[in-house]
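For reference, the structure is listed below as structure tokens.
Bear in mind these aren't lab numbers, they're just calculated from the coordinates by the rules spelled out. Small disclaimer: the values here were computed from a predicted structure and weren't measured. Cβ placement follows ideal geometry from the backbone for every residue including glycine, while neighbour counts extend to all protein chains displayed.
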Amino acid sequence: MSQIETFYEVMRSQGITRRSFMKYCSLTAAALGLGPAFVPKIAHAMETKPRTPVIWVHGLECTCCSESFIRSAHPLAKDVVLSMISLDYDDTLMAAAGHQAEAALEDTIQKYKGNYILAVEGNPPLNEDGMFCIVGGKPFVEQLRHAAKDAKAIISWGACASYGCVQAAKPNPTQATPVHKVITDKPIIKVPGCPPIAEVMTGVITYMLTFDRLPELDRQGRPKMFYSQRIHDKCYRRPHFDAGQFVEAWDDENAKKGYCLYKMGCKGPTTYNACSTVRWNEGVSFPIQSGHGCIGCSEDGFWDQGAFYDRVTDLTQFGVEANADQIGMAAAGVVGGGIALHAAVSALKSAQKKTQDKPASEEV
Amino acid sequence: MVIQTPNGFTLDNSGKRVVVDPVTRIEGHMRCEVNVDDDNMITNAVSTGTMWRGLEVILKGRDPRDAWAFTERICGVCTGTHALTSVRAVEDALGITIPDNANSIRNIMQLNLQIHDHVVHFYHLHALDWVNPINALKADPKATSELQQTVGPNHPLSSPGYFRDVQNRLKKFVESGQLGLFKNGYWDNPAYLLPPEADLMATTHYLEALDLQKEIVKVHTIFGGKNPHPNWLVGGVPCPINIDGTGAVGAINMERLNMVSSIIDKCIEFNKNVYLPDVKAIGGFYKNWLYGGGLSSKACLAYGDIPENANDFSPEQLHLPRGAIIDGDLSTVHDVDQRDPEQIQEYVDHSWYTYGEPGKGLHPWDGVTEAQYELGPNAKGTRTNIEELDEAAKYSWIKAPRWKGHAMEVGPLARYIVGYAKGHEEIKDQVDGLLRDMDLPLDAVFSTLGRTAARALESEYCGRLQKHFFDKLVRNCINGDTATANVEKWDPSTWPKEAKGVGATEAPRGALGHWVRIKDGRIENYQCVVPTTWNGSPRDTAGNIGAFEASLMYTKVERPEEPVEILRTLHSFDPCLACSTHVMSPDGDELANVKVR
């Protein structure tokens, strides 16, 4: 085996100079709370470290996470796969199949015990002895447990692996189960969303490679850097919410003016994700920008929180909807009203979601 | 044992059994078993869907206006096509019409998906069946550059230096000893026939296509806010148009239209300069590998799609053709009616479901599904460690849909055969042109390569159609029509107490239908019959084998333990297993009790 392409070489091939590389090592040392003496050590590690092996398994899912991953613009998916990680098993993209695919998995597990990252897309169904999802003639849950055993850490891609997603929506006929309920003895990073944003996915991976540690996680196990704010907090339509300017019907004059979609069921006020900051597909847009409310796809159990076009907040409990209606009728951005509304909504900040659950015939 | 199937295949399961599980480079989970004779020819084929999610039972009781979001999650690869099918089904049930602009925007999004899906399929899921990236290391970059300039003279990335850079990067990758996705490939298998220069050119395009595909989907992002899984709307599309007024940041304005237009041009360029030339160039080296025709010369089905005018689904108004061909008779194209209970029926005698009585076929509006996971008496292994399946019994999570009792192939090749038989001008020109260029007879289309080529032709055609509907959208805006949604029947109080509807599209992988029943403003029953249910179907009651199975028959494999040829043909269908295996019953509640036995 000849020379291994190291992290340093990857950075060099991407146009990063030796000087910048050393600076980067100093910053890394500082970020890790280490003194300048450690800089050469970090540099040495970066210069000699092989690409981190990644095993990417698929349970019950729709492959939207893989599709999202390859949309990444910075870094490009091809650079991640060719130069940053070694994607040693991924049944969606790998050349080998059948026995040779299974051998590739075994080989990686044996060779890199304790040093590979396990990425999980989808989740295991537990009903029917797990046979609602079969890989190599056996239940997927066995493959998951097997691959998890010697993993350094696990990334739960998307809503399926993190929370269960659509197949776990009521009545969850296959008993589709999120990863953390099956694997309980490994660090798990949840990257929810249906799918997660491409640059969030590659951001999590490159963070782990760069800093050689897990990103800081919130209480639910999500990286704080991407999931600590609600869509609503950073939504560019927020001034219209504050001013009481709402879309009242699809394609009405207010929709054309880009008013707030809260009354059309937007779940932005209760959804923690980076859509309104990072945006989608290289920052081109995000759901609200393109005229549809957020459906809350990065939240636990979002399929069972009432209909997507129902308003988010409980009228009697929080009074937000009443305010929105009154202000909407006043049809002007009364500043005081806006602030009151702000306060009301802010009070919800860490509060649980509460969705109106009226029959469809009564709404709108 | 030798069996003659009603659809004309001779099955012999006496030879060596070869199992491929998992079948990789597909969407979802699939298993395939074949028998080969002493000459390594496939004499029996068994295709098995190995996952099941149960989405339709989950839909029961939900708001029909939400159904698009649930069904869109059936598949993230053909993202959006289930959503479009769903909003069409609900609109059909409730008598909702959509504005012209919504029709144009939906068509642009659907066509955009076709192109994206076809490009990603060819380069990232299929190419490695024909292209050997390791062999590319032996290529002469200068000769590769000459090859590029011969097959795709208008492609700007063609210098020897460019190919040398890619080759060096590849070399470094291979020499690292960490082969990643290429690990354990079949790189010394004699089935790979390309010279190193063609391998380097195609591997380079693998990387270029990876960059391009993230650009293509931005059309979805503009109109639907994100990709994968853009947003849709019953009654139209969610994005408003605001060309002149204030606040146009959130709406479709000139800047957004320009972006869409530039992406459409990129698609057209790539199809013309890279995708089609690659298919011709690679195909040229495999001209004698004409296996894999399967059902394509016998029975093809297409629902048709891309209506020229809003709300008009009559066959002559559809740009992608509708029709059925049976018994190999291309002189007669039968019309297809998704509402007719006699035309489309699903059978479960070889699927892990039960209808209570054997031999029954059910139309999707009356569909019933109760899971019954069991292995046949001749299966090897155990219930949770399957070594070999028994295809005489139940063996798949996919049902067996049939059109008037016939097993059908669907997908780009089926569309093109139906279109060709109907005398569809653009399709005929494309097919005749390609056959002329490659010096092949018409019969050559009934093959694995025909399937792969039809997909490339269709991508090119869809590029032109995308432009057509973009121009139509702009023309409409110039004429002052900016409506994108019809909200007359948004409010459930305007709906009938009971209604039923059908939505049909041509997904990238073939004919896709959703059947919905609505009662008291809620979904009473929801059924999907998807392309890979047709293509990947197991045997039916009468013993007809499905399209995957048929296509593998009589293929010679170089090394039975290395499934290169099997992968080639299965991949030529672009299988999508998450789509095919979710089908659920109106009596889903019972299903929750089926669980652990």
Tell me, what ³J(HN,Hα) does each residue in the stretch A:246-256 have, in order and in whole Hz, if you take phi through Karplus 6.51 cos²θ - 1.76 cosθ + 1.60 with θ = phi - 60° and put x for Gly and Pro?
10, 5, 9, 8, 4, 6, 7, 4, 5, 5, 5
For the protein assembly as shown, what is the calculated [θ] at 222 nm in deg cm²/dmol (nearest 500), taking -39500 (n - 2.57) for each run of four or more DSSP H residues and dividing by its residue count?
-10500 deg cm²/dmol
Starting from 0 in steps of 10 Å, tell me what percent of the Cα-Cα pairs of the stretch B:179-225 lands in each bin.
21, 34, 24, 16, 5
Over the stretch B:356-426, how many percent of alpha carbon pairs lie in each 10 Å bin up to the one with the longest distance?
14, 32, 27, 18, 8, 1
Nearest-20 debye value, the protein assembly as shown charge dipole, Cβ charges on Lys, Arg, Asp, Glu:
3080 debye
Apply the Karplus parameterisation 6.51 cos²θ - 1.76 cosθ + 1.60, with θ equal to phi minus 60°, to every residue of the stretch B:385-396 and state each ³J(HN,Hα) to the nearest whole Hz, in sequence, with x for glycine and proline.
8, 6, 9, 9, 8, 10, 6, 6, 10, 7, 8, 7
What area, in nm² and to one decimal, does the C-alpha convex hull of the stretch B:171-317 cast on average over all directions?
14.7 nm²
With 10 angstrom as the radius, rank A:Met84, B:Met259 by how many other C-beta atoms surround their C-beta, starting from the fewest.
B:Met259, A:Met84
Tell me the net charge near B:Asp312. Cut-off is 15 Å between Cβ atoms, B:Asp312 excluded, with +1 for each Lys or Arg and -1 for each Asp or Glu.
-2
Would you tell me the mean number of C-beta atoms belonging to other protein chains that fall within 10 Å of each C-beta in B:54-61, as a whole number?
5
What Kirkwood Rh does the stretch A:51-227 have if only Cα atoms enter the pairwise 1/r average? Answer in Å.
16.1 Å
What are the ³J(HN,Hα) values, in whole Hz, obtained from phi via the Karplus relation 6.51 cos²θ - 1.76 cosθ + 1.60 with θ = phi - 60°, for each residue of the stretch A:238-244 in sequence order, with x given for Gly and Pro?
3, x, 6, 4, 5, 8, x
State, as an integer percentage, the relative contact order of chain B based on alpha-carbon contacts under 8 Å between residues 6 or more apart.
26 percent
Highest mean first, how do A:287-300, B:406-419, B:510-523 rank when packing is the count of other Cβ atoms within 10 Å averaged over residues?
B:406-419, A:287-300, B:510-523
Neighbour-count order for B:Lys497, B:Lys60, fewest beta carbons within 10 angstrom listed first
B:Lys497, B:Lys60
Which residues' amide hydrogens lie under 5 Å from the amide hydrogen of A:Gln289, considering only partners 5 or more residues apart or on another chain, with H built in the peptide plane?
none
With viscosity set to 0.890 mPa s and temperature to 25 °C, compute the Stokes-Einstein D of the stretch A:168-233, Rh being the Kirkwood radius across alpha carbon pairs; µm²/s, no decimals.
180 µm²/s
Under unit Cβ charges (Lys, Arg +1; Asp, Glu -1), what dipole magnitude, rounded to 20 debye, does the stretch A:51-227 have relative to its Cα centre?
520 debye
Taking H placed 1.01 Å from N in the peptide plane, check which residues at least 5 places from A:Ala153 or on another chain put their amide H under 5 Å from its amide H.
A:Leu118
So what's the Cα pair-distance distribution over the protein assembly as shown, bin width 20 Å, in %?
14, 49, 33, 4, 0
Provide, for q = 0.15, 0.19 Å⁻¹, the log10 of I(q)/I(0) from a solvent-free Debye sum over equal Cα point scatterers in the stretch B:249-407.
-1.07, -1.17
Stokes-Einstein, Kirkwood over Cα pairs, chain B, 20 °C, 1.002 mPa s; D in µm²/s equals 87 µm²/s
Taking only the alpha-carbon positions of the stretch A:122-191 as identical scatterers, the Debye log10 I(q)/I(0) at q = 0.20, 0.25 Å⁻¹ comes out as -0.78, -1.13
With 10 angstrom as the radius, rank B:Leu147, B:Leu301 by how many other C-beta atoms surround their C-beta, starting from the fewest.
B:Leu147, B:Leu301
